[in-house]
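The values are calculated or read from the model by the stated rules, or taken from the named source; none is laboratory data. A quick note: this is a predicted structure, and the numbers were derived from the prediction, not measured. FYI the Cβ positions are ideal-geometry reconstructions off the backbone, even for glycines, and counts take in every protein chain you see.
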Amino acid sequence: MRISEFRHAFVTGGASGFGLAIANAMAGHGVRVTLADVDEEALAAVQAERGELFRTSVLDVRDREGWREARARAEVDFGPVDLLFNNAGIGPDGSELADMSPESFDRMIAINLTGVLNGVSTFAASLRDAGRGHIASTSSMSGMAADNAGLGSYGPAKFGVVAMMEVLRREMEPFGVGVSVFCPGTTATNLIASTRRFGSDRFPEEASLLDLPVKPEQLAPAILRGIEENRLYIFTHTERRAAVEERFAGIMAGFDAA
Amino acid sequence: MDLSQAKHAFITGGASGLGLGIADALARRGVAVTIADINEDSLKEVLATRGNQFRGVRLDTRDRENWQKAKAEAEAAFGPVDILVNNAGISPNGREFADMDPESFDRILAINLVGIVNGIFAFGADMRERGNGHIVNTSSQAGLTAGIPGVGAYSVAKFGVTSLSEGLRVEMEPHGVGVSVLCPGYVQTNLGANTVKIGGDIRQYTAAMPESDVTPADVGEMVAEGIEQNAAYILTHKDVWPGVEKRMNAIKAACDYRRNA
């Protein structure tokens, strides 16, 4: 589906980072966008600046009732959603599994994994009935390789998102609905602030990824092209390929021993 | 890990299927076994036919306090646990995502993913401090490849278990604790019946499962060997490989697509 053929995109984590970059790029093609975010202030700032293109909706992706309400409000304004981008997420808390608070693990799964399922539950049946549309979700290169310490909850959530999109793609394919999973590497986003907001004390207040050289705006065209071409995997950071290959080699060795 | 030095294995979902196969294989090597299971009838049945090298404890792996109690009880009898096998799990729900009750997704995640990390929370720090031990997590072929409609929630949880195990292995390696992830193909077990028993929903997906001549006893032997060798992946069915290879090639092609863009 060409980007300009989409009518209404619903983007979570839409008030900053990848979400906002994707929304801006979509709007550039004339797509109406609902930005959903848990950060009310950031939403208000975007709304004040670019209110004519966007609608905003305060949403905690863990809240299933909140999803239903956000959808209803969004569709009153802009009509049926035909592109869902599940992008909201938090970063790892940095602790190893043996030291991790169970509540921190639960929070990660609730936001980064079940939060995506909640979006799928809210929109997938309607897209299927409409026989057109697209669902994309932000995973990570940490959804492809788990070779670092301290990612013990982030990795399972992001691997889970990849698996969800792989199966969803098969389920939606016969009905003309596309599915993609976006797996970025480290990018200049608000991830650290978002992680702090949800109670992780790993990072000092001044910590930020925003000075990193790779900006979300630079990656938005590749993301949009991935949607347009209905690619299952959208990769933007090639430096993690070696880790992915190494993982595959390890699995292959396991099959040799089987 | 040298199994002749191992003393006490704690195995969830140990009263039937793969868990029992693993329990028997470790017991044959002289390890005392605590089988933890949610199903008390099955526990009684198994214990009636096995010697005093076995003990049973009731455990719902979702319940973190229950884990602490089960651990205390098990270690009072057989000493510190040096092998943890996180094996308990339920089957796919047979629902496509668009039609899935979110609570069914939650249940599969709570048992098949969080239930496993709960075991790590209960035992991981002790093993690390002792500088000795091994953890096996049961994932699935569905933790390596995904794409079967109706197996989505299950695949999500099992991909999570695979990732959890890979990450844990990196974290535990400097401390002398081994970690393996078991990714079996289809084995004849009572997974479906057990799933229904604890209130899970399940549709006729099992009808599509291939015949398999790999038994739980075979898997038990493979797991014992995998622990001995500290294998990262314990894989039981070579016929799973073509699907895994296909997925790997698709991912590599997608990486190349970006590089050439």
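Numbers below:
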quantity: Test set (1) away from chain B (no Cβ under 14 Å); (2) polar (S, T, N, Q); (3) not in a loop (DSSP other than H, G, I, E, B) - A:Gln218 fails condition number; calculated: (1)
quantity: Residue identified as part of a loop (DSSP other than H, G, I, E, B) and either surrounded by 15 or more Cβ atoms within 10 Å (Cβ to Cβ) or not polar (S, T, N, Q) (or both) among B:Asn93, B:Asn66; calculated: B:Asn93
quantity: Filtered residue count, the stretch B:149-160, keeping only those that are touching a residue at least 24 places away in the same chain (Cβ under 8 Å) and either of a type in the set (Phe, Trp, Tyr) or surrounded by fewer than 24 Cβ atoms within 10 Å (Cβ to Cβ) (or both); calculated: 3
quantity: Test result for A:Glu173, more than 9 Å from chain B (Cβ to nearest Cβ), within 27 Å of B:Phe97 (Cα to Cα) and in a helix (DSSP H, G or I); calculated: yes
quantity: Residues of the stretch B:68-109 classified as touching a helix residue (DSSP H, G or I) at 6+ places or on another chain (Cβ under 9 Å), hydrophobic (A, V, I, L, M, F, W, C) and either more than 14 Å from chain A (Cβ to nearest Cβ) or touching a residue at least 12 places away in the same chain (Cβ under 8 Å) (or both), total; calculated: 12
quantity: Of residues in the stretch A:123-156 being facing chain B (nearest Cβ under 9 Å) and polar (S, T, N, Q), the one nearest to A:Thr189 (Cα to Cα); calculated: A:Ser142
quantity: Residue check, A:Leu210 under 28 Å from A:Asp60 (Cα atoms), at pLDDT below 95 and part of a loop (DSSP other than H, G, I, E, B); calculated: yes
quantity: Considering residues of the stretch B:27-66 that are in contact with a Leu (Cβ under 7 Å, 6 or more places away or on another chain) and touching a residue at least 60 places away in the same chain (Cβ under 8 Å) only, the residue farthest from B:Gly226 (Cα to Cα); calculated: B:Ile38
quantity: Of all residues making up the stretch B:215-241, the number that are more than 10 Å from chain A (Cβ to nearest Cβ) and surrounded by fewer than 20 Cβ atoms within 10 Å (Cβ to Cβ); calculated: 6
quantity: Meets criteria (part of a helix (DSSP H, G or I) and surrounded by 24 or more Cβ atoms within 10 Å (Cβ to Cβ)) for B:Ile135; calculated: no
quantity: Verdict on B:Ala146 being within 7 Å of another protein chain (Cβ to nearest Cβ), among the small types (Gly, Ala, Ser) and surrounded by fewer than 19 Cβ atoms within 10 Å (Cβ to Cβ); calculated: no
quantity: Residue under evaluation B:Met209, criteria (1) modelled with pLDDT under 95; (2) surrounded by 14 or more Cβ atoms within 10 Å (Cβ to Cβ), criterion not met; calculated: (2)
quantity: Where a residue in the stretch A:99-119 is of a type in the set (S, T, N, Q) and its partner, wherever it lies, is assigned to a helix (DSSP H, G or I), with Cβ under 6 Å and at least six apart; calculated: A:Asn112/A:Ala157; A:Asn118/A:Arg64; A:Asn118/A:Trp67
quantity: Qualifying strands (runs of 3 or more DSSP E) (wholly inside the stretch A:1-85; at least 3 residues being more than 16 Å from the chain's Cα centre (by Cα)); calculated: A:54-58
quantity: Pairs, first more than 17 Å from B:Asn87 (Cβ to Cβ) in the stretch B:115-129, second among the basic types (Lys, Arg) and modelled with pLDDT of 95 or more, C-beta under 9 Å, six or more apart; calculated: B:Asp126/B:Lys71
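Here's the yes/no breakdown for (1) of a type outside the set (D, E, K, R); (2) over 17 Å from the mean Cα position of the chain (by Cα); (3) surrounded by fewer than 22 Cβ atoms within 10 Å (Cβ to Cβ):
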residue	(1), (2), (3)
A:Ala88	yes, no, no
A:Asp93	no, yes, no
A:Glu103	no, yes, yes
A:Val116	yes, no, no
A:Gly119	yes, no, no
A:Ala125	yes, yes, yes
